[in-house]
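Comments concern the structure below.
The values are calculated or read from the model by the stated rules, or taken from the named source; none is laboratory data. Since the model is a prediction, treat every value here as computed from it, not as a measurement. Neighbour counts are summed over all protein chains in view; Cβ atoms, including those assigned to glycine, are modelled from backbone coordinates with ideal geometry. The area values use the complete protein model at the heavy-atom level, side chains included, leaving out ligands, DNA and RNA. Shrake-Rupley method; radii C 1.70, N 1.55, O 1.52, S 1.80 Å.
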Amino acid sequence: MPSDKSFAKLPGFRDFVPADLALRNHIFDAWRRVCRRYGFTEYDGPPLEPLGLYVEKSGPEIVEQLYNFADKGGREVALRPEMTPTLARILAERSRGMAKPIRWFSVPQLFRYERSQRGRLREHFQLNADIVGEAGVAADAEITAVAIDAVRELGLGEDDFVARVNDRRLVTAVLDEIGVAQRHRAACLAVIDKAGRAGPEKTRAGLEALGIGGSAAHALAELVADGSWRQLRDRFRSSGAVLAAMQPLEEHREILEAMGLGGYQRFDFTVVRGLAYYTGIVFELFDRAGELRAICGGGRYDRLLELVGGEPLPAVGFGMGDVVLGELLKDRGIAPAAAPACQDYVIWMEPAQRPLGMRVARALRREGRSVLYGLRAQGMGKQLRSAARVGAGRALIIGPEEVTGGTVTVRDLESGRQVTTSLESVLGGAGHRTGR
RNA sequence: GUGGGCGUAGCUCAGUCGGUCAGAGCGCCGGAUUGUGGUUCCGGAGGUCGCCGGUUCGAUCCCGGUCGCCCACCCCA
């Protein structure tokens with residue numbers, strides 16, 4: 001730990017040494033493969049945006065924890081805390097001429113100024129995938145499937161994680177039905193949101209603190225404790241509004257089941273999402289063990305583009321962070337090992353053989369192979385040890401004997417078998433089939 | 001933002017009721033091994049014990065502050 005704090009890493013920020021970057025790239029690669037498989041194309045935007053883009057569009061929650069400041073021109077700016085407002089701004093300018101629906105994804109680095117904890121830093125990377133211009137529930141199901149497959153692609157299955165799905169319109173209908181006043185709705189959503197962790201007692205206390213009456217509080221506490229689909233349907237079978245609000249979720253589930261992803265999703269009345277701009281189906285991905293924070297959160301936001309000044313366009317999307325996902329992969333032991341540093345290790349014994357060693361290395365690199373060699377003269381044992389440590393598949397040995405005979409000794413470092421071949425075959429490119 | 005715990009070698013950690021207390025394992029470097037590696041054996045480098053201040057003859061140890069990390073709240077991507 002450096003004693004001079006001025007050179008220390010900022011709290012909540014990460015260095016990525018090769019082993020860490022290998023994991024990050026492993027995750028990014030999986031995300032991009034899945035998104036492309038679903039026909040999404042990648043975009044990006046500036047990491048720094050006008051503060052105003054976030055102030056009223058995302059709800060007050062996110063603004064309190066922005067990484068913001070005034071730039072040298074006196075502009076109030078913020079490091080982007082989320083990607084959706086940027087996407088909304090881009091599309092507000094250009095979507096009119098674009099074929100709908102638009103399927104875009106991005107892997108931005110996002111920033112928030114808040115105390116860091118496990119799975120929650122001041123900086124992270126997040127996969128964002130959105131479908132814009134389609135209001136039907138098939139788009140919601142499609143985006144949920146992308147989220148699920150983005151996690152499955154990394155080797156996690158039904159036993160590892162689940163998507164909890166809800167619909168804000170359904171929650172609203174239920175609140176109306178049990179008589180929660182309009183003015184209490186937002187605060188009530190917050191209580192429902194944390195009900196899973198708080199437990200029934202605290203939930204009821206929270207509702208009463210809002211001034212929500214006994215029968216309504218009782219009904220809500222019950223729903224929160226056991227908000228099963230069946231229970232909901234029984235409880236509200238005489239309410240046309242609630243039953244109608246259940247239809248989109250029904251269809252959403254059917255589509256996912258048809259995709260073979262039914263086991264990855266579950267209705268959960270307590271999922272409402274914090275961001276103010278969600279308007280319909282919302283979902284979150286969690287590890288089944290319940291040890292970590294949400295892996296992913298998303299939903300429908302049909303009004304946002306209008307708010308930013310674009311044409312009215314329905315939209316649905318999600319954000320999936322790299323931090324919690326990385327923790328989960330490490331916990332499950334399915335994080336990748338760092339890639340080997342090279343394929344071929346050229347061993348030259350004495351300065352007299354170095355020029356030939358350089359020619360061989362050059363020829364191999366020209367073929368696209370990754371090649372290393374010692375930068376100073378060392379014994380063969382040392383060099384083979386170095387070769388093994390960097391993960392080389394084979395060693396190409398060029399000593400006095402090889403120079404005299406016009407040959408190269410090619411040693412397979414996994415089997416230990418070695419053959420002596422002609423120098424020409426290595427320089428000419430015939431040697432590349434014997435290695436990895 | 002609030003409360004609690006923890007900061008000793010690159011990593012994981014031991015240790016001192018205040019006085020040879022600067023330690024282990026792993027890793028790293030070198031040697032055994034100047035034409036054959038991943039094993040083994042031997043040796044070596046590396047630390048102002050997070051930082052600042054206080055108490056004391058003396059502080060890595062006690063006290064205060066501070067910074068950082070972890071956990072729980074708050075909140076949430």
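Laid out as a table, the results:
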item	result
Dipole magnitude of region A:344-433, debye to nearest 20 (Cβ charges: Lys/Arg +1, Asp/Glu -1, about Cα centre)	340 debye
Chain A, accessible area per residue, ligands and nucleic acids excluded (1.4 Å, Å²)	48 Å²
Chain lengthening between residue A:225 and residue A:90 when straightened (0.36 nm per residue, less Cα-Cα)	44.5 nm
Chain A: relative contact order as a whole-number percent, Cα under 8 Å and 6+ apart	16 percent
Distance in nm between pseudo-label sites at residue A:418 and residue A:266 (7 Å out along the Cβ direction from Cα)	5.8 nm
Simple label model, 7 Å out from Cα along Cβ direction - residue A:205 to residue A:358, nm	7.6 nm
Accessible surface of chain A [probe 1.4 Å, protein heavy atoms]: carbon and sulfur percent	50 percent
Alpha-carbon centroid distance for the pair region A:353-432 / region A:251-283, whole angstrom	57 Å
Reciprocal of mean inverse Cα separation for region A:344-433 (Kirkwood radius, Å)	12.7 Å
Centroid-to-centroid separation of region A:146-178 and region A:116-133 [C-alpha atoms, Å]	17 Å
Karplus-derived 3J(HN,Hα), 6.51/-1.76/1.60, for each residue of region A:110-115, Hz, glycine and proline x	10, 9, 9, 9, 7, 5
Computed log₁₀ I(q)/I(0) - Debye formula, equal Cα scatterers, no solvent, chain A, q 0.05, 0.06 Å⁻¹	-0.28, -0.38
Long-range amide H partners of residue A:113 with built H, under 5 Å	A:66, A:67
Linear extension gain, residue A:22 paired with residue A:234, 0.36 nm per residue minus alpha-carbon span	71.3 nm
Linear extension gain, residue A:382 paired with residue A:254, 0.36 nm per residue minus alpha-carbon span	39.8 nm
